[in-house]
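Structure record follows, encoded as structure tokens.
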Amino acid sequence: MAKPPDHENPVPVQDRDDRLRRLHRPRPLRRLHRPGRRTVAMLAALTLGAAVVSQAAAVTSALSTPAGGASAAGAVEAHAADLVRQGRATFRYDTFGDEAFWGGTLHLDRAIAGADHGGVGPGVSPRTALSVGLKVDVAALPRSVRDALAAGKVDLDDPAVTLALLKLDAVVGVKGVFASDGSLRSVGIECALCHSTVDDSFAPGIGKRLDGWANRDLNIGAIVSLAPDLKPVAHLLHTDVPTVRKVLSAWGPGRFDAQLFLDGKAFRPDGKTAATLIPPAFGLLGVNQATSTGWGSVTYWNAFVANLEMHGQGTFHDSRLDNAKQFPIAAENRFGHVRAPVDLISAKLPALQAYQLDLAAPRPPAGSFDRAAAARGKRLFDGRATCSTCHVPPMFSEPGFNLHPGSDIGIDSFQADRSPTHMYRTSPLAGLWTHRKGGFYHDGRYRDLGSVVRHYDRTFHLHLRAGQQADLVEYLKSL
Ligand code: HEC
Ligand code: HEC
């Protein structure tokens, strides 16, 4: 984002059209994508290193289905399974080329490595990394490393250990790029950084991946602040570096401001940070508009984030961002018209969407709520408390147009007005129990579910007794 994206079209339109036609025409390609051993073998080769293969596979297998025939029914299932596999790889491991920004522009790699390892400053120890909410994927650690960790033989204060973890691809959502001499050359981020956590089964912050869960421990502001050079960010926002640091330190854990680099608004009118909570990326199947202010569909937002927030290299179009009154920074930098010379994003969007939509909200653990009270709460939710007029199960959002002005739910419109919709999206509620940290509503203004229910009781004049409010809370915990 520091470098305004290249919106000079690098390929003449005529050539591009020809290329597109060529992509879709040839029969040999199609045959390759009939599900079968060859596809499976090809998918097995879908590793990070084989980025080119993965991109080609994503385009062709997502957008072309095998030609009819006897196995057509089975082909649908096989196609779906392929997409989920590709989408998972993208969600977990793809940086979309964004290391050009996080490493190349901000030089975060140098802060991570530290002066002893070719960078600057003290470096980032595993203890520091865990303290800012980064997570370690235990499945990526070889047995020897797990044993050494369990035996307390790993020095968690040594930045060299962080580098070793990055080399193993074990830091969830962070990709280290290493030179042949083993030194850290650059660093990129992945979707999993914000939308995954781990189950802490090995140690706090170390465990099996939980894809789609909001990482409410992650202090993105603190991580970005580590960057030795924040001038590009300051320049973009027409401010100075100390102000940028002040803004980043106001975010706190579990928050990020996806609109800051569009409108330059860092604080709400009451002086609190304008950053919003990281939401889960699961339970979205059947939900119409995505994001708390309904920017678009899941795949709209995936493209938005990959291009504009992660600073991957791709194509993004949204003429709504040309509105200089609402989005001065986006309009100035033509963020609604991004076209990188090489597109590392678009080909991956179909499978990424398929994977996202297949991430079901996890069920709450047995014993985490009172069943009888939850059953009473459900009757209130669907009846007297009128909750299900908006939160329609099983999506818990309206089938159809699921946006409301703030006045419908008794809140201000500050954040809604930062979106082209000027509205709030009815939140899907399944899996609420996974993101209690940081509070509820887009900005966490209600610290627990009891406060949310009290807010509705006041706003809608429900006159629920304390016991009824408690029943509603138990129901919300059961979703
Ligand atoms: C730096 C942290 C961060 C990264 C990285 C990130 N997101 Fe998000 N994501 C957010 C935040 C914050 C929001 C909430 C935005 C809002 O509601 O205004 C969000 C919202 C979403 C939503 C909407 C959820 C809903 O309830 O409608 C989806 C889907 C999503 N992200 C998917 C992705 C994908 C896919 C990637 C990778 C391409 C990604 N995100 C990368 C922070 C992140
Ligand atoms: C008029 C439509 C509407 C009604 C009726 C409604 N809600 Fe909501 N609900 C919303 C919207 C819109 C949001 C998103 C608010 C935000 O993010 O700021 C929301 C958010 C929530 C959240 C927070 C979710 C999260 O992830 O932070 C909970 C919990 C919730 N509602 C529960 C209820 C309950 C319980 C009732 C009934 C007492 C109810 N809602 C009635 C529209 C509604």
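For the pair PHE414 and ARG384, label points projected 7 Å from Cα toward Cβ lie 3.5 nm apart. The amide H of ILE206, built 1.01 Å from its N in the peptide plane, has VAL136, ASP200 as neighbours under 5 Å, considering only residues 5 or more places off or on other chains. Judged by the gyration tensor of its Cα atoms, with axes a ≥ b ≥ c, the chain is rounded; a/c sits under the 1.5 cut.
Each peptide in 89-99, 393-403 was scored by the mean count of other Cβ atoms within 10 Å over its residues; highest first, the order is 89-99, 393-403.
Rounded if a/c is under 1.5, else prolate if a/b is larger than b/c, else oblate: which is region 286-339, with a ≥ b ≥ c the root eigenvalues of its Cα gyration tensor? It is oblate, given that a/c is not under 1.5 and a/b is not larger than b/c.
For region 371-477, what is the charge dipole size about the Cα centre, in debye to the nearest 20, if Lys and Arg each add +1 at the Cβ and Asp and Glu each add -1 at the Cβ?
For this selection, approximately 440 debye.
Here's the picture: charge each Lys and Arg Cβ at +1 and each Asp and Glu Cβ at -1 in region 371-477, and of GLY467, THR434, TYR446 the one pushed furthest to the positive end of that dipole is GLY467. A Cβ-based charge dipole, computed about the Cα centre of the chain with Lys and Arg at +1 and Asp and Glu at -1, lands at about 1060 debye.
In summary, the helical segments of the chain meeting the span-like criteria, namely a full DSSP H run, a Cα extent along the axis of 27 angstrom or more and a mean Kyte-Doolittle hydropathy of at least -0.5, are 72-93. Ordering PRO122, PRO399, ALA258 by Cα displacement along the dipole of the chain toward the positive end leaves PRO399 in first place; charges were set at the Cβ atoms of Lys, Arg (+1) and Asp, Glu (-1).
For the listed peptides 77-87, 363-373, 421-431, a ranking on the average number of other beta carbons within 10 Å per residue, highest first, reads 421-431, 77-87, 363-373. Highest mean packing comes first when the peptides 273-281, 181-189, 218-226 are listed by Cβ atoms within 10 Å, giving 273-281, 218-226, 181-189.
Most simply put, the chain has about 90% antiparallel DSSP beta bridges, counting only bridges with both residues inside it. Excluding same-chain neighbours fewer than eight residues apart, the lysines reachable from LYS265 by a Cα-Cα span under 22 Å are LYS3, LYS231, LYS246, LYS325.
In straight-distance terms, cross-link reach from LYS437 covers every one of the lysines whose alpha-carbon lies under 19 Å from its own, apart from those fewer than eight places away in the same chain; here that gives LYS135, LYS272, LYS477.
The numbers here are math on the coordinates, done by the rules we state, and not lab data. Since the model is a prediction, treat every value here as computed from it, not as a measurement. So basically every Cβ, Gly included, is an ideal-geometry build from the backbone, and we count neighbours across all protein chains shown.
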